[in-house]
Amino acid sequence: MFAQQIEFLQLLNRDVEYVVPRWQRRYRWGQAEIERLIEDLLTVAEAGPNAAHYGGTLLTFPEPGPAGVVVTNRVVDGQQRLTTISILLECIAATLGPEGSCGDWTAEVIRERRLTNPGQKKLRKLRLQDGDDEEYRAILGGEPTGVGAVTQAWRIISRLVARNNVAKLLRGLEHLRVVSIGLDANEDPQQIFESLNATGRPLDESEKIKNWLLMGLPEAEQQDLHDTSWLSLEEALGGRDATKPVDEFFRDLLRWWTGRLQGLSSVYETLRRWAVREGRAADRPGLCREFARLARLYGLITGTAGPHPNRKVEHELRHLRAMGIDVHRPLTLRLLEAAHNGEASDETLAEGLAVVSVWITRLWLSGRPTAGLNKAATELAHGPGPSDADEFVAYWRGRVANLGSTTRAGVPDDPAVTEGIQTRQAYGGSASQTTLAVLCALMEAEHPQEAPARADLTIEHVMPQKLTDEWREDLGEAAEDLHARYRDRLPNLTLSGHDRNASLGARPFAAKQQIYGESAIGMTLRLAQESAWNQEALERRAEELAASALSLWPWEGPPVAARQEPRDPAAGIRWRLGDGDWHPASTASQMVLEVAGALIALDRSNGDKLVGGALSRDLQRASDHPPGSQAGSIVFRAVTGTDDFVLYPYDRDYPAAAERCRGMGQRCRVRVDIDLPGQGSQMEFWRFLQRHTGGVPGQKDSWRGRTLWTSALNADGDMVAIYIGNPGLLWLYIRSGSRRRSEARTERMRQYSQLVRQHMGDQTLGTNTSDAGLGMSITVKRAWDRDDRNDGPHVRYGSRSNRRGSPRSSRDCRRPLGMTRQSAHERGHAPVEVHGDREGGLPGTAVGVRRVGSGPALDAASTRHSQR
């Protein structure tokens, strides 16, 4: 390596050619970077004859060639400055013109000696990449063309040169210095490039990926991969002049391949780690070709690669594209890849995409937030797929249906969609784009042959965005309220042509009726039939839109009975791999051990995939942590069927254990199905409580919200409450009828704590009974579908004596309804915490309540919780 500080212009004052390699980024400087360079040049020009400006580093390595000809240097770092200054010199030459000069500088000197090599058949001293080079060559030829960053830079620099003094610019260039670093043939440019903290604009993620894929390969292979694969990838994604579309492609591809949410800022590092783990890093050319193929499929989703050749498939893709909600793309890309591999026909693919389209559209229509879709679509994409092409649509419909209609990401049922159409805000921001897509889809369903082109349509507000006096008079006394509520909702929106929309404006409804009556769009034409535009008309329009939407995007979820009635709590839990047989499990922890063992038995390499550093979640090698060994409060147990691996199998509840098992399956690319016992709503818990125990003393007949308070159970007005938290946490606590602190209240609360200790001794309670002196007793909290842990280590959460050793933080042991110890004392609450039942019992059931005796002040205080 040889480094020297040198005047920048000396780099161009010899027979040399600077070539930007294929693995390098494209030219990316914009107005901010260019203006900053020009400002630096003007500043140093005014600073005096001895001033100098440091312009960064130029890192090059020579290309082998015969002696006595132009030296070719490949540019590792410094492309942006080298290109910008070359364009600046051409703009100065154009400004000077054929007869002009500035000292020794003339247009001929610049073009013949600084931008090309004399006597070398006009060989340019700078050669860029493909499209960049074409634009640069056109600039030097006096006919700038193109829309890329190089032509944009020429336009910016031309304006700046015209505004400023050419002599100052040239003087600034004469004072510009760089550190020129030349590498010899034995040095690795890739290693130096990655370790160099270069000045200028940081590389985007896809630029880093391109560098990694191509750098270090033989020149001929670089050229071939760049021209046949990488350029094809950029073309398919619309990324020749912008990196964001390419970054987004890799982000969504990694979401599919890893099953984890992936942000744009770490795509490169995640891809490299994935390639190493999967053994793909050694075949970068193969990866590059695979990326190019998948990019062409992704371009069908975004539309940048043109329409899909199948009309029905393109119909679904066009709607998803128009919606502007892109989180489905990892899943949609997987479906397209399946069809590409022959796992589904185009007809079947169209039906599968229709499932995604219905899911996304109904979610938006119902007014649900789409943030949770990222995780849902990622997990659906990464999980297992159908085993038979004939099951393709049914399989994916089932996977989407399993999200549930009550979760954030589940497909909303018909009532939810109808309510959303009536109430959601559908105009403003990104909602306007989605509303236009929805209304256009409804229009095309009604007019499949003669529907107007979408490009000619816009959204029309029936009731205008700003009320006029005429509209206030038409709407009456409630005008302001109606306008505030309905202005941007779907019932008040329709379609019209761009020209007609301008003429409609804020006209009164009577005037708009005449124009609506001439519309070729059915939904707009029918508005002319309304005698007035008021709340009744808006409600009728909402019903019409809901009926049309439910018809166009139908969804048949699980039967109502199946959603409302929980399984028999005594039925236990069961699991299976793929379409194999179901296996019962006695507890959630046993299920985790059995699923891990079954995955390893299926393929020994799955053990390596499940091993990780998270002691509480990942598989561990028995050689490092033998069965029964302890790390803090974590005790490891042997994985079923193998002596080589151990696991900490305990989770906070059944759903968490089930999710953990599914996650292990995803890491091994195997579908894991879990069938849980009834564990759902507060109503399910309360029905169980009434059915099995007769309820709590003083229990009321109806359930309101998450908390049920009993009636007053003694003359002091003391009550018991059962509270169902989220997810599925059961709390029991006592509230004093007296709001004022007194010795009598303190004594009663102390007695309640003593009763709890006497009658709930099998619950392994903490020892903080002294807190009852402050008007409190021991907290009772548990998940009513919790694994009983009857054959493993017992960890007491919330107890002062064991908090430090608990695998959960004290934040997980909060009091019901956000109460702190101080607020519990002030309000006279006596919360108590239920711990694991040592006697076991029915897995997955609610915590039952039964009478075991009467205390001196409050019968319900002696209530005992068990799972019997």
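Applying Stokes-Einstein at 20 °C and 1.002 mPa s to the Kirkwood radius of segment 400-490, computed over alpha-carbon pairs, gives a translational diffusion coefficient of 137 µm² s⁻¹. In this label model, Asp224 and Arg621 are separated by 4.0 nm, measuring between points 7 Å along each Cα→Cβ vector. For a paramagnetic label modelled on Gln465 (point 7 Å from Cα along Cα→Cβ), amide N atoms under 20 Å away belong, within segment 478-498, to 480-498. For the peptides 434-447, 324-337, 218-231, the ranking by mean Cβ contacts within 10 Å, running from highest to lowest, is 324-337, 434-447, 218-231.
Amide H to amide H distances under 5 Å link Tyr27 with no residue, where only residues 5 or more positions off or on other chains count and H is placed in the peptide plane.
Per-residue 3J(HN,Hα) values for segment 301-306, derived from phi via the Karplus relation 6.51 cos²θ - 1.76 cosθ + 1.60 with θ = phi - 60°, read 5, 7, x, 6, 9, x Hz in sequence order (x marks Gly and Pro). Taking 0.36 nm per residue of sequence separation and removing the Cα-Cα distance, the Ala478/Thr642 pair yields an extension gain of 51.7 nm. Placing dummy labels 7 Å off each Cα toward the beta-carbon, the span from Ala510 to Leu525 is 2.6 nm. For the listed residue pairs Lys125/Lys208; Lys244/Lys466; Lys375/Lys466, the alpha carbons are over 32 angstrom apart in Lys244/Lys466; Lys375/Lys466. Taking the protein heavy atoms of segment 225-378 in the context of the full set of protein chains, the accessible area attributed to carbon and sulfur is 48 percent at 1.4 Å.
With unit charges on the beta carbons (Lys and Arg positive, Asp and Glu negative) and the dipole taken about the Cα centre of segment 67-151, which residue among Thr83, Ala138, Pro118 sits farthest to the positive side? Of the candidates, Pro118 comes out farthest on the positive side. Extending 7 Å from the Cα toward the beta-carbon at both His447 and Asn13 defines two label points whose distance is 7.1 nm. Remark: the Glu269-Val611 segment gains 121.0 nm on full extension, using 0.36 nm per residue and subtracting the alpha carbon distance. Working value for segment 292-353: equivalent-ellipsoid semi-axes of 16, 13, 11 Å, each the square root of 5 times a Cα gyration tensor eigenvalue, largest first. A simple packing score, the average count of other Cβ atoms within 10 Å per residue, orders the peptides 353-361, 412-420 as 353-361, 412-420, with the highest score first. So what's the Cα pair-distance distribution over segment 196-280, bin width 10 Å, in %? Distribution as computed: 16, 45, 35, 3 percent.
Neighbours of Arg362 by Cβ distance under 11 Å: Lys/Arg scored +1, Asp/Glu scored -1, total -1.
Just to verify a number: FRET efficiency for Gln630 and Thr423, C-beta to C-beta distance, R0 = 45 Å, to 0.05? My answer for the efficiency is 0.25. Taking a Cβ cut-off of under 12 Å around Pro386, the surrounding Lys, Arg, Asp and Glu residues balance to a net charge of -1, with basic ones at +1 and acidic ones at -1. For segment 295-443, a simple Cβ point-charge model (Lys and Arg +1, Asp and Glu -1, everything else neutral) yields a dipole of about 580 debye relative to the Cα centre. The residues neighbouring Pro98, those whose beta-carbon lies less than 15 Å from its own, together hold a net charge of -3 under the Lys/Arg +1, Asp/Glu -1 convention.
The values are calculated or read from the model by the stated rules, or taken from the named source; none is laboratory data. Predicted model, so just to flag it, every value in this text is computed and none were measured. When we count neighbours, we look across all protein chains shown, and the Cβ atoms used for this are built from the backbone with ideal geometry, even at glycine. The area values use the complete protein model at the heavy-atom level, side chains included, leaving out ligands, DNA and RNA. Shrake-Rupley method; radii C 1.70, N 1.55, O 1.52, S 1.80 Å.
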